[in-house]
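All remarks here apply to the structure that follows.
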């Protein structure tokens, strides 16, 4: 009766967990949620003020589908300054969040049956987005020893005559790992050799810690640039998740197709939010540094605490605001007679018994792991980590 394709799409487990935690809080339960993929900071004042000015000026009507000229120019300048990439406004399409930009890219590139290589652990929406756009997700497993980056050998094993594109995400969700320039070069060489597209999700670009450095794969030469659709946005960097402004940069030919698709799906992104995004990209950037320093301090605290809990292990994240924790050593053990046989069991028991919400790794293609976000206040984070430690210690 209903669309078979639509019914094959799984709901986002991260949003499901977050919604459940918020509902329990609403019911008066003292829940600590590690599931949210959004900064806990307020949108900076100068950005909100730009939105207010836009409303007061009556900037509430339709805009060009691909974005207002000043935002396209701001994105163009940002890409040149931060990434060494020369994109003209005609190469850029502003969308309703980076998630929408990713969907636009897949819609523009895929024909029915085309395969898209997705390294696991992956962000939960990638496989579903590919399926929505009549593609076939091909998941390849990566190794933590290789900071969860796919090697050319991994990619070669997944290659078939139907392979059309590779999705990469650095800094990555859920692992927090950052691909090195050498690793990106290897992926670029593979894509060029086999005439594949690369969809590069760079939404966490500004949230990088220590000596790690972000490199855009499109900056590694004209050949890979022609095959890359770069996706970014203002949600994570400027604590603007609810404003829904993302963007893509690609060849003018691909951008024209994406703009055409968007014109029928949503028209343009929110006019007021576009004005706010201009202020975000062109205004003072000290707010970004302040948020990053706070995340960095929480990152170090969380890593130290998790590593002190017998049975849990993790790789220190280099970017984003997530910690990916291996809980497989707890499998087969029980809490109050309730056996933990998977990360789903671990997360369900932890929420019910200790009122702590985490995201199981199943939705990320990594069933031995859970994801913890450190985008929450330090006091709450420490309280939640104590509960996790108590839960693990009580497993028998």
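The values are calculated or read from the model by the stated rules, or taken from the named source; none is laboratory data. Since the model is a prediction, treat every value here as computed from it, not as a measurement. Heads up, the Cβs are rebuilt from the backbone with ideal geometry, glycines too, and the neighbour counts pull from every protein chain shown.
Some points to look at:
- Some residue of the stretch 130-152 being in a helix (DSSP H, G or I), more than 30 Å from residue 71 (Cα to Cα), modelled with pLDDT of 95 or more and over 19 Å from the mean Cα position of the chain (by Cα): yes
- Subset of the stretch 40-64 [under 24 Å from the mean Cα position of the chain (by Cα) and closer than 30 Å to residue 254 by Cβ]: 47
- Selection status of residue 106, within 28 Å of residue 239 (Cβ to Cβ) and either outside the structural domain of residue 198 (by TED's automatic domain parsing) or surrounded by 24 or more Cβ atoms within 10 Å (Cβ to Cβ) (or both): yes
- Count of the stretch 28-47 residues, restricted to those that are outside any loop (DSSP other than H, G, I, E, B), touching a residue at least 60 places away in the same chain (Cβ under 8 Å) and either more than 15 Å from residue 235 (Cβ to Cβ) or in contact with a strand residue (DSSP E or B) (Cβ under 7 Å, 6 or more places away or on another chain) (or both), is 3.
- Qualifying residues in the stretch 78-99 (those that are farther than 20 Å from residue 226 by Cβ and part of a loop (DSSP other than H, G, I, E, B)) - the one farthest from the chain's Cα centre (by Cα): 96
- Members of the stretch 154-207 that are in a helix (DSSP H, G or I) and touching a residue at least 60 places away in the same chain (Cβ under 8 Å): none
- Selection of the stretch 316-349 for residues being in contact with a strand residue (DSSP E or B) (Cβ under 7 Å, 6 or more places away or on another chain) and within 18 Å of residue 144 (Cα to Cα) yields 317, 318, 319, 321, 322, 323, 324, 325, 326, 327, 343.
- Test result for residue 319, at pLDDT 95 or above and at positive phi: no
- Unique residue being surrounded by fewer than 18 Cβ atoms within 10 Å (Cβ to Cβ) and closer than 18 Å to residue 229 by Cβ when the list is 114, 134: 134
- Among the residues of the stretch 52-77, those that are assigned to a helix (DSSP H, G or I) and crowded, with 19+ Cβ neighbours inside 10 Å comprise 54, 71, 72, 74, 75, 76.
- Only listed residue being buried (at least 19 other Cβ atoms within 10 Å of the Cβ), in the same structural domain as residue 101 (by TED's automatic domain parsing) and at positive phi, chosen from 176, 172: 176
- Residue match in the stretch 283-305 (condition: at positive phi and not in a helix (DSSP H, G or I)): no
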